[in-house]
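Quick note: the coordinates plus some simple rules give every number you see, no bench work behind them. Small disclaimer: the values here were computed from a predicted structure and weren't measured. Counting neighbours? That spans all protein chains shown, and the Cβs are built from the backbone with ideal geometry, glycine included.
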Amino acid sequence: MNKEWPIWEVFIRSKNGLEHRHCGSLHAADAEMAIQNARDVYTRRQEGVSVWVVESKNITASNPTKNGEMFEPAADKVYRHPTFYVLPDEIKHM
Amino acid sequence: MLKERLYDYLLHLGDNSMILGQRLGELCGHGPELETDIALTNISLDLFGQVRNYFQAAAAIKGDGATEDSIAMLRYENEYKNTLLVEQPNDDFAHVIVRQFLFDVYHQLLLKELMSSKDETIAAVATKSIKEVNYHVGFSSTWLKRLGDGTEVSHDKMQEAVNKLWRYSLELFKPTDTEIWAAESGVGADLDQLKPIYLEKIKMFMDEATLGLPEATVFQYGAKSGRHSENMGYILADFQYIQRAYPNMKW
Amino acid sequence: MENKTLSLDDQFQERIDRGENIEAKDWMPEKYRKTHIRQISQHGHSEIIGMLPEGNWISRAPSLRRKVALLAKVQDEAGHGLYLYSAAETLGISRDELMEQLNSGKAKYSSIFNYPTVSWADMGAVGWLVDGAAIINQVMLTKTSYGPYARAMVRICKEESFHQRQGYEIMLSLCNGAGVQKAMAQDALNRWWWPSIMMFGPRDEESPNTEQSMKWKIKKKTNDELRQQFVDQTVPQAEILGLSIPDKDLKWNEERGHYDFGIIDWEEFWNVVKGNGLMNEKRLKDRNAAWDEGQWVRNAALAYSEKQVERKAKKIA
């Protein structure tokens, strides 16, 4: 039985100073090939100055059915945001 | 005289890249994976980019209405100066990789020398192209290893391709009169000096790939001075088709 | 509280109605998943088969400039196939399965690619008309509900923008050229016009999936709306070229604010869909050959990678 090349996720830094961002995935037999393929597939128009690849199976993702308990509790913590605090009008920037 | 030599040398440089680029172009859509199709097309595009640089310079020397396209497409077969190696067909992926690898290693050594060419245009093209070709060497040498040291089937196919293509390799280093002129005048590379480095590098990569070079090879020469293999006519039939069938038109 | 009384299907529909995107690991109705696998993979297959009719002219391009542009375009199509397959793979189908569906003839792809490319002008017409039609569809799909599909479309649309211009420029050169060149361009338009407007699919009343697709925001406009948009934008472009569109019923309708056009030969459409186009067999044969002849390469690369892992492990031990 023939096996297929594993899937890799590709992250590209578009220029120094910016973070790597996920831009897509591809197939490659090994890490070296994944980097080469990522360069050829995702940076043909100078989209990047740095590439990360990670085999998809190595990514642990949160479970969307638990989004309620994961993310909603942060919603009412308004005191984490600067607009929660009242300052006199004279102070323009803080 | 000097101008003619320089013109001729530019054709030597451009024709290898052009015919190899053409061969790779034939593969687009027919590779073993989408990713490899994209990679080989990138190499083809790099090569055609170099060709255009060389031929635009050649057209300026020739004058008389010459263009990159008239130089690329309107010569007779025996006026093309590419080697036998690059006109070999895409028999299978093993042949594609071995052909590419044997050319890339030469190409890299050549361009390193040309970066300090006394001709400014050639030096500039070489300086731009060396980065592309460094990548090509990385690509073809890792594939050489993967397939040479992959499965029994892939090893055999690769060895067969090496056995078949190795005989065309040394033509790259057998200088024509123009190449001797180029080396002596500081415009081009001294191929005699590059040859031992080439042989050493090839051997090293082949060892890593668990492949061997055939012994007692009868090397083939002649294409650089216009004596091509039967492949060339068919390549040109495609390559020149429109320019020949509809002369003097703009596209 | 109200949410609890809603079925999963209804909750899902509510999310779509609110304009939320659906992501790969989210719950989705089985039919939504299946429909997407089918549509995204068909779209991907079309890109991959679409490489062949244009790849046919790479070797014969008339100038170096045209050759590199065409190479880059066909290469983009491989990329687009790859992006789309990746999006389909998030729904639980593998690359191998996708290829198998394409190669066995089980899956469909855009019928337009079963027409032959017989002259250089076809590279112009395909870029101008076929890519032009495709872009209309693809721009709509950047807003589709399934996240990975929408993101692939955004990337594709960005890259496609040169494809149509590339084609139109070829047509323009031909139309400004010698008589034989202009005739070549007209001939290409004659052959590609009707297949291009068929690309939007059957008429709305014969398109049973449209309603569900609109509900799930896979589609935001109907086939006929998109087709009309294409005709309206293309007619003036043909006028600039000085070419005539091969439809005697084509005329501006002041009242509708659109062009009226003639009746499409749906028999031809279905014939080609069913595999009776001039190039159906050849296209599939080429893809099968590429895939089958590549099997040993894919196997070897994987075997090499496994060997490397073993060797590393041995070194450590």
(request) Scan (1) among the small types (G, A, S); (2) away from chain B (no Cβ under 14 Å); (3) out of contact with any Phe, Trp or Tyr (no Cβ under 9 Å at 6 or more places or on another chain) for the single condition C:G277 breaks and write down its number. (result) (3)
(message) When you check B:L74 against the structure, is it out of contact with any Pro (no Cβ under 9 Å at 6 or more places or on another chain) and not β-branched (V, I, T), yes or no?
(response) no
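Going through the stretch B:109-121 one residue at a time, which ones are touching a residue at least 40 places away in the same chain (Cβ under 8 Å) and under 28 Å from B:V96 (Cβ atoms)? Outline the logic, then answer.
Initial filter on the stretch B:109-121 (touching a residue at least 40 places away in the same chain (Cβ under 8 Å)): B:109-110, B:113-114, B:117-119, B:121.
Residues satisfying the conditions are B:L109, B:L110, B:E113, B:L114.
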(message) So, restricting to helices (runs of 4 or more DSSP H) that lie completely within the stretch C:162-271, which ones have at least 2 residues that are in contact with a Phe, Trp or Tyr (Cβ under 6 Å, 6 or more places away or on another chain)?
(response) C:179-198, C:223-241
(request) Just one of (1) out of contact with any strand residue (DSSP E or B) (no Cβ under 6 Å at 6 or more places or on another chain); (2) closer than 19 Å to C:G127 by Cα trips up C:M214, so point out which. (result) (2)
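Please go through the stretch C:151-167 and pick out each residue that is aliphatic (A, V, I, L, M) and either within 9 Å of chain A (Cβ to nearest Cβ) or crowded, with 19+ Cβ neighbours inside 10 Å (or both).
Step one: list which residues in the stretch C:151-167 are aliphatic (A, V, I, L, M), which gives C:152-154, C:156.
Of everything in the stretch C:151-167, those that are aliphatic (A, V, I, L, M) and either within 9 Å of chain A (Cβ to nearest Cβ) or crowded, with 19+ Cβ neighbours inside 10 Å (or both) turn out to be C:A152, C:M153, C:I156.
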(message) Against the condition within 25 Å of C:M28 (Cα to Cα), surrounded by fewer than 19 Cβ atoms within 10 Å (Cβ to Cβ), more than 12 Å from chain B (Cβ to nearest Cβ) and not polar (S, T, N, Q), how does C:E89 come out, does it pass?
(response) no
(message) Can you confirm whether C:S119 is part of a helix (DSSP H, G or I), hydroxyl-bearing (S, T, Y) and surrounded by fewer than 23 Cβ atoms within 10 Å (Cβ to Cβ)?
(response) no
(message) Go through (1) crowded, with 17+ Cβ neighbours inside 10 Å; (2) under 20 Å from the mean Cα position of the chain (by Cα) for C:S207 and report which single condition fails.
(response) (1)
(request) Name the helices (runs of 4 or more DSSP H) wholly inside the stretch C:1-66 in which the number of residues that are surrounded by 13 or more Cβ atoms within 10 Å (Cβ to Cβ) is 2 or more. (result) C:8-17, C:30-55
(request) Take the stretch B:235-251 and flag every residue that is free of Cβ contacts under 8 Å to residues at least 40 places away in the same chain, assigned to a loop (DSSP other than H, G, I, E, B) and more than 7 Å from every other protein chain (Cβ to nearest Cβ). (result) B:P247, B:N248
(request) Name every residue in the stretch A:23-57 that is farther than 21 Å from C:E77 by Cα, out of contact with any helix residue (DSSP H, G or I) (no Cβ under 8 Å at 6 or more places or on another chain) and at the interface with chain C (Cβ under 10 Å from one of its Cβ atoms), in order of residue number. (result) A:A31, A:S56
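Condition first: farther than 30 Å from B:I71 by Cα, free of Cβ contacts under 8 Å to residues at least 12 places away in the same chain and in a loop (DSSP other than H, G, I, E, B). Can you find one or more residues in the stretch B:212-229 that meet it? Can you show your working first?
As a first pass, look at the stretch B:212-229 and keep what is farther than 30 Å from B:I71 by Cα: B:212-218.
Checking the rest, the ones that are also free of Cβ contacts under 8 Å to residues at least 12 places away in the same chain come to B:215-216.
Next, only the ones that are in a loop (DSSP other than H, G, I, E, B) stay: B:215-216.
Yes, the stretch B:212-229 contains at least one residue that is farther than 30 Å from B:I71 by Cα, free of Cβ contacts under 8 Å to residues at least 12 places away in the same chain and in a loop (DSSP other than H, G, I, E, B).
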(request) For the stretch C:219-265, enumerate the residues that are of a type in the set (A, V, I, L, M), within 26 Å of C:N209 (Cβ to Cβ) and free of Cβ contacts under 8 Å to residues at least 24 places away in the same chain. (result) C:I263
(message) What pairs come out if I take residues in the stretch A:63-85 that are farther than 30 Å from C:A24 by Cα and pair them with residues that are in a helix (DSSP H, G or I) and not β-branched (V, I, T) whose C-beta lies under 9 Å away, six or more apart or interchain?
(response) A:V78/A:F84; A:R80/A:A74; A:Y85/A:Y79
(message) Taking the criterion of being under 23 Å from B:V125 (Cβ atoms), in contact with a His (Cβ under 6 Å, 6 or more places away or on another chain) and of a type outside the set (D, E, K, R), would at least one residue in the stretch B:96-104 satisfy it?
(response) no
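Do the conditions hold for B:L40, that is, is it within 10 Å of another protein chain (Cβ to nearest Cβ) and either more than 19 Å from B:T176 (Cβ to Cβ) or hydroxyl-bearing (S, T, Y) (or both)? If you could, list the steps in order and put the result at the bottom.
Numbers: within 10 Å of another protein chain (Cβ to nearest Cβ): yes; either more than 19 Å from B:T176 (Cβ to Cβ) or hydroxyl-bearing (S, T, Y) (or both): yes.
Here the answer is yes, as B:L40 does meet what is asked.
Yes or no, residue by residue, for (1) under 30 Å from C:R15 (Cα atoms); (2) surrounded by 10 or more Cβ atoms within 10 Å (Cβ to Cβ); (3) among the aromatic types (F, W, Y):
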position: A:K3; (1), (2), (3): no, yes, no
position: A:K15; (1), (2), (3): no, yes, no
position: A:H22; (1), (2), (3): yes, yes, no
position: A:Q36; (1), (2), (3): no, yes, no
position: A:S62; (1), (2), (3): yes, yes, no
position: A:G68; (1), (2), (3): yes, no, no
position: A:V86; (1), (2), (3): no, no, no
position: A:I91; (1), (2), (3): no, no, no
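Consider the stretch B:19-34. How many of its residues are acidic (D, E) and either crowded, with 24+ Cβ neighbours inside 10 Å or more than 7 Å from every other protein chain (Cβ to nearest Cβ) (or both)? Lay out the reasoning, then the answer.
Looking only at the stretch B:19-34, we keep the residues that are acidic (D, E), and these are B:26, B:33.
Restricting the remaining residues to those that are either crowded, with 24+ Cβ neighbours inside 10 Å or more than 7 Å from every other protein chain (Cβ to nearest Cβ) (or both) gives B:33.
Number satisfying all stated conditions: 1.
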(request) Look at the stretch C:86-117 and say how many of its residues are free of Cβ contacts under 8 Å to residues at least 40 places away in the same chain and out of contact with any strand residue (DSSP E or B) (no Cβ under 7 Å at 6 or more places or on another chain). (result) 6
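Got a sec? Which helices (runs of 4 or more DSSP H) wholly within the stretch B:59-144 have at least 2 residues that are in contact with a helix residue (DSSP H, G or I) (Cβ under 9 Å, 6 or more places away or on another chain), crowded, with 23+ Cβ neighbours inside 10 Å and β-branched (V, I, T)? Walk me through how you get there before you give the answer.
Numbers: elements: B:68-73, B:84-87, B:93-114.
Helices (runs of 4 or more DSSP H) meeting the threshold: B:93-114.
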